[in-house]
Each structure stands twice: as C-alpha cells, then as structure tokens.
Amino acid sequence: MIEPNWTLRRVGSIDPVLLAQLCDVLLDCVEGGASVGFMDPMTRERAEAFWNRVGQGVANGGRALLVAEDANGVCGTVQLVFDLPENQPHRADLCKMLVHRRARRQGLGAALVQAAEKTALECDKTLLVLDAVTDGDAARLYDRLGWVSVGDIPNYADAQGSFLQYDGVLPRTRPVIAAGHQVIQRSAANSKRSATS
Ligand SMILES: CC(C)(COP(=O)(O)OP(=O)(O)OC[C@H]1O[C@@H](n2cnc3c(N)ncnc32)[C@H](O)[C@@H]1OP(=O)(O)O)[C@@H](O)C(=O)NCCC(=O)NCCS
C-alpha cells in the first residue's frame, strides 16, 4: 500500500509562510474553475485578505483550520466554522475544502473531510452542514463518505455568467436534532439567467 505523501495538522495561527502557501492553494483552485466563493480572475491580494480574516477567526476560536502539507508546502486545507447563532452550539459549517491540483485524486480530499469530522466531534459538534455544487467532484466525495443531500438550490452561485445549482448536504451519521428546521428559499423574481447544474 502506498503511504500518503502529506501530513495533516490543525493550526492555531497563520504566519506569513503559511499565509503565502494557503493563498497558493486558493489561487490554484479558483484558476482551476472551482466554485469556492471567488470569481476568476482571482488576485493574491483578495486571497491574502480572505486568509487574514480566517486567521482572525482561528485566533478567536470562531473556526478550526486544518492543513495538509507535502514536500512543497500546503497542498490541501479545510475549515470548520463555529461562529454561529447561539441556538446552534451543537453544529459547525464545513467549508473551503481545497486541494491543490498537484495533490488531487490521491485520497487527500477524503482525508481532510474525515479529519474535519474528527475535529468537530472533539469540539462537541454533532451536526455538520456544508454546500457543494450538484454532481460535482466534491458532492461525489461527500456522498461516498456518508453525507446525505437535503436538496438542490438553483441559482446558488454565479460561475462566470451562469448560475450553479448546489446541494445542501448533511451527514447521516450524526444525531438528529429534536426540532427540525425547514430551509425556505425564494427565487429572485428578476433573475434573467437560468440555472446550470
Ligand atoms: C473536491 C476536491 C477537494 C477533491 O479532492 P481530492 O483530493 O481529489 O479527493 P480524493 O482524492 O479523496 O477523491 C477524488 C477522486 O480520486 C479518487 N482517488 C482517491 N484516491 C485515489 C488513488 N490513490 N488513486 C486513484 N484515484 C484515487 C477517488 O475515488 C475520487 O474519485 P471520483 O472523482 O471518481 O469520485 C478537489 O477536487 C478540489 O479541491 N476541488 C476544487 C475545490 C472544491 O471544489 N472544493 C469543494 C468545495 S465544496
């Protein structure tokens, strides 16, 4: 069996070296066409501003940041957001799972999700929520790891002029909360562009 050529760790702060490497991963993903909250062309300045905000969240306990590193530095990352409304202390949002193109299709994405799930449990979070592009690489990965889609949201994100449809997904392995919440959505009446999946 081939051993993974990365190591995973949770970081407590973002120093300048880590900041530059996290920017490299984000820039690589956006340049590769990933829908992760930014529009291409992406700039290093915007990437730095984003990771500096993440660093503040990590420092004040509002998020957990995990990174995977190989011989060239950071090759993957994922976050858990804990800074949520006070009636949701049991849950976290899993977001910004990014694997540099040099490290894809070797199991790193799966390892990051599993590490994030373990971190969530260690932090007493029993419900994780995320969104992913319907039928995309990430959605397939979450399906494989036992997450359950709770529906598709049309027109969720802009992808260079057309809209992407997203899954909302929940893990089926976590306890179900007693009182369910229905997510209500309403399409913008003046949307001129159609959904693509
Ligand atoms: C989605 C993403 C994180 C997946 O990362 P990854 O490291 O490639 O994920 P994995 O390696 O665990 O799985 C990817 C594929 O490689 C396959 N794979 C895993 N290990 C493998 C190996 N050793 N040899 C061959 N294939 C392998 C998996 O079966 C999976 O196959 P599939 O695409 O046919 O389902 C990555 O594509 C990415 O960063 N995309 C851009 C950012 C993004 O969209 N993030 C998600 C936001 S919700």
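Please treat every number below as a calculation from the coordinates, not as lab data. Just so you know, these numbers come straight off a predicted model, no measurement behind them. Here the Cβ positions follow ideal geometry from the backbone for every residue, glycine too, while neighbour counts run over all protein chains shown.
For the reader, a short list of remarks on this structure follows.
- Residue check for Gln88: near the ligand (Cβ under 10 Å from one of its atoms), assigned to a loop (DSSP other than H, G, I, E, B) and of a type outside the set (Lys, Arg): no
- Filtered by the rule that a residue be touching a residue at least 40 places away in the same chain (Cβ under 8 Å) and hydrophobic (A, V, I, L, M, F, W, C), the range 18-40 gives Leu18, Leu22, Val25, Leu26, Cys29, Ala34, Val36, Met39.
- Qualifying residues in the range 62-82 (those that are under 11 Å from the mean Cα position of the chain (by Cα) and among the polar types (S, T, N, Q)) - the one farthest from the ligand (Cβ to nearest atom): Gln79
- Taken over the range 116-142, the criterion of being more than 12 Å from the ligand (Cβ to nearest atom) and either part of a helix (DSSP H, G or I) or within 22 Å of Leu22 (Cα to Cα) (or both) is satisfied by Glu117, Lys118, Thr119, Ala120, Leu121, Glu122.
- Condition met for Ala110 (part of a helix (DSSP H, G or I), more than 8 Å from the ligand (Cβ to nearest atom) and either free of Cβ contacts under 8 Å to residues at least 60 places away in the same chain or small (Gly, Ala, Ser) (or both)): no
- Every pair of residues 6+ apart whose Cβ atoms lie under 7 Å, when the first sits in the range 121-136 and is free of Cβ contacts under 8 Å to residues at least 40 places away in the same chain while the second is assigned to a helix (DSSP H, G or I): Ala132/Ala138; Ala132/Ala139; Ala132/Tyr142
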